[in-house]
1. What FRET efficiency, computed as 1/(1 + (r/R0)^6) with R0 = 22 Å and r the Cβ-Cβ distance, is obtained for Arg133 and Asn10, rounded to the nearest 0.05?
2. What is the calculated FRET efficiency for Leu103 to Thr61, with r their C-beta to C-beta distance and R₀ = 25 Å, to the nearest 0.05?
3. So which lysines can Lys162 reach, going by Cα to Cα under 19 Å and dropping same-chain residues fewer than 8 places off?
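Rule-based calculations on the coordinates, nothing more; no lab input. Remember, it's a predicted structure, so these values are computed and weren't measured experimentally. Please note: Cβ atoms are built from the backbone with ideal geometry, for glycine as well, and neighbour counts cover all protein chains shown.
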Amino acid sequence: MELSLIGLQNAGKTSLVNVVAILADAFAPFSSFCPQTGGYSEDMIPTVGFNMRKVTKGNVTIKLWDLGGQPRFRSIYVVDAADHENIWISRGELHDLLSKPSLSGIPLLVLGNKIDKPEALTKQDLTEAMGLRTISDREVCCFMISCKNSTNIDSVIDWLVKHSKSKS
């Protein structure tokens, strides 16, 4: 299974890739991003181009492509749930992406990141703000996560593994 992690800059895509890799015990920490832990870092450097990590859980191998947040790379979806100013931009980008024929019917996983921040939206508010209930041509799932605290990352991995089996 190959997945593209897409979202606005600073949504937490690189942090998610690193935390998933650590929790899945796939590889050693990604030292170029966070030398101490390989996972979450407050001082994460924005991705230029892309990063790729392989994550293995059981007999499922997932390639996570972290595409930079620049508009030319945006094309599947991590949202900064605490960034109220940019939520509408993120909604527009997501719905533009979903209108592409090549992505028709592909299940959608939306991750509301940074729930460790007090100003983060609730799952219900994020679902509303992102217009997820209006999407009817595919399965839509939303998890609220924190890469910083590894909150709900196991649920994300389980969802990915489940969908790798059903779409093989």
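1. 0.25
2. Values: r = 22 Å, r/R0 = 0.88.
Working from the Cβ atoms, E equals 0.70.
3. Straight-line reach from Lys162, under 19 Å: Lys54, Lys57, Lys63.
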